[in-house]
Amino acid sequence: MTHSIIKIKTTLLDHQIAQLSAIAIGLSLIESVLPSPMPGVKPGIANIITLYTIYQFNFKTAMWVSVLRVFATSLILGQFLSPTFMLSLVGSILSLLTLYFAIKLPSKFLSPVGLSVLSSFAHIAGQLFLVRIWLIPHPSIYSLIPIYSVAALLFGFINGWITYHLLKRHNSI
Amino acid sequence: MLRKKITLKLQAKFLIGDSLIILISLIFIVFAFKTFWFFETGSVVQVNFQGKTYGNFSLFQNKKINLIGKEGESIIEIKEGRARFKSAPCKNQYCVQQGWIHLTGQILICIPNEVSIEILGKSKAYDSLNY
């Protein structure tokens with residue numbers, strides 16, 4: 001008799017990624033329960049974890065955390081491959097891309113607050129783009145830009161602020 | 001092979017970059033509101049009757065248009081840059097109760113009598129009907 005146990009060798013980093021993703025998934029789930037004034041206006045508190053990971057680890061780790069979060073959350077909520085999932089994925093990818101370039105700037109220049117605002121704008125830009133070309137291919141979508149921009153600035157700022165204090169408390173670097 | 005590692009340092013409070021980003025986004029928001037939320041006063045009212053354009057009329061005149069459709073007579077009134085259904089033969093009177101319209105893209109529809117009026121401006125405004 002043989003035990004057929006597949007063993008995957010995991011590193012410490014894998015565990016850390018899993019833990020961080022778990023927190024991010026938890027935050028996403030909490031957020032999905034919260035009422036929203038209109039579809040798409042969400043605080044995006046899971047982004048706190050992404051930013052936190054960028055500072056505490058590196059960009060690659062943050063990318064893992066963010067993408068895992070998107071996939072896992074959609075599986076839990078039963079939205080996998082649905083438009084909601086696609087929007088979430090595109091938003092995350094664009095926001096990560098923006099962060100990738102933003103963190104190459106000298107760190108004297110930016111704090112988590114600035115990065116958070118940038119990434120939330122990128123997130124909403126990606127989503128609106130997808131909505132425009134795929135879900136609602138009509139120019140009337142543009143009249144939503146002001147509302148979403150205000151939300152992006154507000155929530156981006158708040159998330160950045162929280163990340164900043166979180167990092168300060170954990171005495172990062 | 002060593003990869004170039006990007007280290008991020010947590011900086012104290014507000015930095016130039018942050019302020020700049022927030023400033024730019026504020027400017028963008030103001031710009032977005034101005035660009036995408038324009039409310040333009042229209043100059044022409046287009047009357048559609050039984051699926052066809054009955055005619056375009058300037059809003060800067062006093063005029064009454066009588067249309068006799070399936071249900072009876074609809075009276076459209078144009079006055080002081082605004083337009084409305086003065087009376088309609090239909091049961092619900094939705095079109096009459098919506099009152100005056102004057103902004104580009106605003107529209108009043110009387111389905112039973114197949115009459116609709118729409119305010120046109122220099123540029124075509126977007127509304128849900130286009131989609």
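The values are calculated or read from the model by the stated rules, or taken from the named source; none is laboratory data. Quantities reported herein were computed from a predicted structural model and do not represent experimental measurements. For neighbour counting, all protein chains shown are included, and Cβ atoms are generated from backbone atoms with ideal geometry for every residue, glycine included.
Miscellaneous remarks
- Identity of the residue in region A:92-112, touching a residue at least 40 places away in the same chain (Cβ under 8 Å) and more than 15 Å from residue A:45 (Cβ to Cβ), that ends up farthest from the other protein chains (Cβ to nearest Cβ): A:96
- Leading residue by the ranking (modelled with the highest pLDDT) among those in region B:2-40 that are hydroxyl-bearing (Ser, Thr, Tyr) and surrounded by 11 or more Cβ atoms within 10 Å (Cβ to Cβ): B:25
- From A:154, A:135, A:130, A:166, residue being touching a residue at least 24 places away in the same chain (Cβ under 8 Å), more than 9 Å from chain B (Cβ to nearest Cβ) and surrounded by fewer than 17 Cβ atoms within 10 Å (Cβ to Cβ): A:135
- For region A:28-50, the criterion of being within 14 Å of chain B (Cβ to nearest Cβ), assigned to a helix (DSSP H, G or I) and either surrounded by 14 or more Cβ atoms within 10 Å (Cβ to Cβ) or modelled with pLDDT of 95 or more (or both) is met by at least one residue.
- Evaluation of residue A:143 against (1) out of contact with any Gly (no Cβ under 8 Å at 6 or more places or on another chain); (2) more than 8 Å from every other protein chain (Cβ to nearest Cβ); (3) not β-branched (Val, Ile, Thr) (one fails), failing number: (2)
- Yes/no for residue A:125 being surrounded by fewer than 20 Cβ atoms within 10 Å (Cβ to Cβ), within 11 Å of another protein chain (Cβ to nearest Cβ) and of a type in the set (Gly, Ala, Ser): yes
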